[in-house]
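The values are calculated or read from the model by the stated rules, or taken from the named source; none is laboratory data. This structure is a prediction, so every number in the text was calculated from the model and none was measured. Ideal geometry is used to build each Cβ from the backbone, glycine not excepted, and the neighbour counts take in all protein chains shown.
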Amino acid sequence: MNDLKNCSETRSAGLSRSISLPQSLAVLLIASSVVLYSCGPSREEMEYKENASKIADSVSEYVSPIATDTINGITHNFIRTADLKLKVKDVLKTTEAIEDIVKQKGGYVSVNDLNSEIESQASVKFTEDSLKEIKRYITNNHLTIRVPNKQLDTVLRSITGMATFIDFSRLQSDDVKMKLYANKLAENRYNKFGRRIEQKSNSNTHKLSQNVNAEEQALEKQMLADEKSVQSFDMADQVNYSTVRLVLYQHALTVYETTPIPQVIEPYEPSYIQKLGLGFMKGFGLIKTFFLFLVESWGLILIIVALFFTTKKVMQHYNRKPI
């Protein structure tokens, strides 16, 4: 605000003065220089841009190559993610078109989960030997694509252009430049500390326990440094390749399919003559079985006959009247 006020005051002062032509030309040049200097960026802004530029250069050297975006002269490293839910005419054809676009832009599809959910199903007899099956289903697809950061906006415009209805479209950009810079500083600290521990362990060659502890500490610091390095490379991959999560769906479709009625196989049944012959043979078999039963049961039959005659004589004796 003070700079702008100085600009206006300088301009008004230069215009209000009435001086000779040579003097006015010199004053005008001086006033223009003062105006340009006072209207330029402040010292704080210059220092901020210089520091931001140094950090950006440091990050680029630490993780190379990494995608960058420059806004108002300041470099940023954005992790960009997008979530979209779209209604399309044909899920399968739209999926194929998206795959072609992503491939052309140097990206790839990491998830392709297409499925059809049956809402209803019925079978109706259509002719004497056929059925008409009626199925109503909904097709949807969950896609996850990775595209180069610079191509994200173009890919999103191409995808949304295929939609008949957009349920939602969300885009998020997270600047991770400072996280990458912090990882670099931490990794350097761990590496320096590990080297110092290793040097101390080498100097104390006669103290085995101290050497072992120093080696364990050096290994721990190296593992921490490696973790920071892996985190940075993972963030760099997310910066270079933006992630887009898509949900595609379409109108419910009805499919009619004619299927033959399976032929019913009747169980075998002999003719009447065959049944008559079989009945006669079964009857003859029963006679043989009964005769065999009588032969095998002769003892039981003998006992029954003896009991019968004994009972008969006893009854006759009690029933005889006295003379």
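I'm trying to understand the selection: among the residues of region 93-133, which are hydrophobic (A, V, I, L, M, F, W, C) and surrounded by fewer than 13 Cβ atoms within 10 Å (Cβ to Cβ)? Hits for region 93-133 are VAL111, ILE118, ALA122, VAL124. For region 263-273, the criterion of being over 60 Å from the mean Cα position of the chain (by Cα) and aromatic (Phe, Trp, Tyr) is met by at least one residue. Scanning region 137-157 for residues that are assigned to a helix (DSSP H, G or I) and farther than 13 Å from VAL244 by Cα returns a single hit, LYS150.
Within region 245-260, at least one residue is hydrophobic (A, V, I, L, M, F, W, C) and within 30 Å of LYS179 (Cβ to Cβ). Here ILE287 does not fit the description of being modelled with pLDDT under 80 and β-branched (Val, Ile, Thr).
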